[in-house]
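Colleague: For reference, the structure I am asking about is given below.
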Amino acid sequence: MKDVYEQCPILEDKGYLLRLVEIEDAKDLLKVYSDEKAVSYFNSDNCNDNFYYQTLDRIQEAIQFWIWSYQCKAFVRWSIIDKSTNEAIGTIELFHRDSKDYFNACALLRLDLRSDYENDNCIESIVSILLSNTYDLFHCNWIATKAAPFAKERIQALELMGFHPSEEKVIGHDGTEYGDYWVCTRDCRN
């Protein structure tokens, strides 16, 4: 498999397509990031941002930052395209995390979805597209993602995919501890 930062793969199933975020996604993604119901599900741990954007200019700035971060090999941010509407309905961020805490050498997955897609079927379909590729793309043997206790359908989807809750905390750059992480190892789906 090629280096994810040299050639970002386009991944898909029958319902969704994942491709590198583009500035042309701004109008669709504004519907996601201005959706007050959706924002509470986003993982903004260690980001200095809550990802609540109310203007086209602000989401365009965010997309430009995500593209720049990809070019710097910091993380990959895919747009999630619903094939039935050809609309971007969210994003997935993935990166290899090197740290001094428990979550060292894992792939950290952040999933931001419009609230009308925040259900177990959509989440399972979308995350499943990436699961088998993540370990090789991000040189890791396990994946971590956040799901707050109120995110019942997200948790249900994670459980169906073999994720389990971790008692461990992600330690941020400033020493802040972040909880509610779920993990899946390379063999969790076997």
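Colleague: Are there any helices in the chain, counted as whole DSSP H runs, that stretch 24 Å or more along their axis by Cα and score at least 0.5 on average by Kyte-Doolittle, and if so which?
Modeller: Working: long enough: 120-137 (25 Å, 0.54).
The answer, listed by residue number, is 120-137.
Colleague: Can you give me the convex hull volume of the Cα atoms of the chain, divided per residue and expressed in Å³?
Modeller: On the way: hull volume 21.8 nm³, N = 190.
Looking at the chain, the number lands at 115 Å³ per residue.
Colleague: In nanometres, what is the gap between the two model label sites at E24 and E177, each 7 Å from Cα along Cα-to-Cβ?
Modeller: Distance between the two pseudo-spin positions: 4.7 nm.
Colleague: Suppose a student asked you for the relative contact order of the stretch 11-185, using Cα pairs under 8 Å spaced at least 6 residues apart; what percent would you report? The partial results should precede the final answer.
Modeller: Values: 321 pairs, mean separation 36.3, N = 175.
Once divided by the residue count of the stretch 11-185, the mean separation gives 21 percent.
Colleague: Here's a follow-up. If Lys and Arg each add +1 and Asp and Glu each add -1, what is the summed charge of the other residues whose beta carbon sits under 14 Å from the beta carbon of I155? Numbers along the way, then the final one.
Modeller: Details: positive: K146, K152, R154; negative: E118, D120, E124, E153, E159, D180.
That sum, taken over residues with Cβ under 14 Å, equals -3.
Colleague: Going by C-beta contacts inside 10 Å, put K100, K146 in order with the fewest on the left. Numbers along the way, then the final one.
Modeller: On the way: K100 7, K146 21.
The order, fewest Cβ neighbours first, is K100, K146.
Colleague: What lysines could a cross-link reach from K2, if we take a straight Cα to Cα line under 20 Å and drop same-chain neighbours fewer than 8 places away?
Modeller: Qualifying lysines at Cα under 20 Å: K73.
Colleague: Moving on to the next point. Can you return the lysines within cross-link range of K37? Criterion is Cα-Cα under 16 Å, with same-chain partners fewer than 8 residues away left out.
Modeller: K37 reaches K152.
Colleague: Count neighbours as other Cβ atoms within 10 Å of each site's Cβ, and list the trypsin sites (Lys or Arg not before Pro) in the stretch 1-85 that are DSSP loop with at most 16 such neighbours. Walk me through the numbers before you get to the answer.
Modeller: On the way: sites: K2, K14, R19, K27, K31, K37, R58, K73, R77, K83; in loops: K2, K14, K73, K83.
Counting only loop positions with at most 16 other Cβ atoms within 10 Å, the trypsin sites (Lys or Arg not before Pro) in the stretch 1-85 are K2, K14, K73, K83.
Colleague: Multiply the residue gap between Y102 and S132 by 0.36 nm, knock off their C-alpha separation, and tell me the result in nm, one decimal place. Let's see the in-between values first.
Modeller: Numbers: separation 30, 0.36 × 30 = 10.80 nm, distance 2.24 nm.
Once the chain is fully extended between Y102 and S132, it gains 8.6 nm.
Colleague: So if R0 is 35 Å, what FRET efficiency would K152 and R58 give, r being the distance between their Cβ atoms, rounded to the nearest 0.05?
Modeller: Working: r = 30 Å, r/R0 = 0.85.
It comes to 0.70.
Colleague: Taking other Cβ within 10 Å of each residue's Cβ, how do H139, H173, H96 sort, fewest first? Spell out each step's value before the answer.
Modeller: Values: H139 12, H173 8, H96 16.
Lowest count first: H173, H139, H96.
Colleague: Still on this structure, please answer the following. Sort I67, I155 so the one with the fewest other Cβ atoms within 10 Å of its own Cβ comes first. Don't jump to the answer; show the numbers that get you there.
Modeller: On the way: I67 15, I155 19.
Listed from fewest to most nearby Cβ atoms, that is I67, I155.
Colleague: Determine the dipole magnitude for the chain: charges of +1 sit on the beta-carbon of Lys and Arg, -1 on that of Asp and Glu, nothing else is charged, the reference point is the Cα centre, and the result goes in debye to the nearest 20. Present the calculation step by step, with values, prior to reporting the outcome.
Modeller: Working: 20 positive and 33 negative charges, 50 e Å.
Once rounded to the nearest 20, the dipole reads 240 debye.
Colleague: Could you run the Karplus curve 6.51 cos²θ - 1.76 cosθ + 1.60 with θ = phi - 60° over the stretch 80-86 and give me ³J(HN,Hα) per residue in whole Hz, x for Gly and Pro?
Modeller: So the Karplus estimates, Gly and Pro as x, are 9, 9, 7, 5, 6, 10, 6 Hz.
Colleague: Rg and Dmax of the stretch 126-190, Cα atoms, in Å?
Modeller: Answer for the stretch 126-190, Rg first and Dmax second: 12.4, 37 Å.
Rule-based calculations on the coordinates, nothing more; no lab input. None of the values given here were measured: they were computed from a predicted structure. Glycine also receives a Cβ, built like all others from the backbone with ideal geometry; neighbour counts cover every protein chain displayed.
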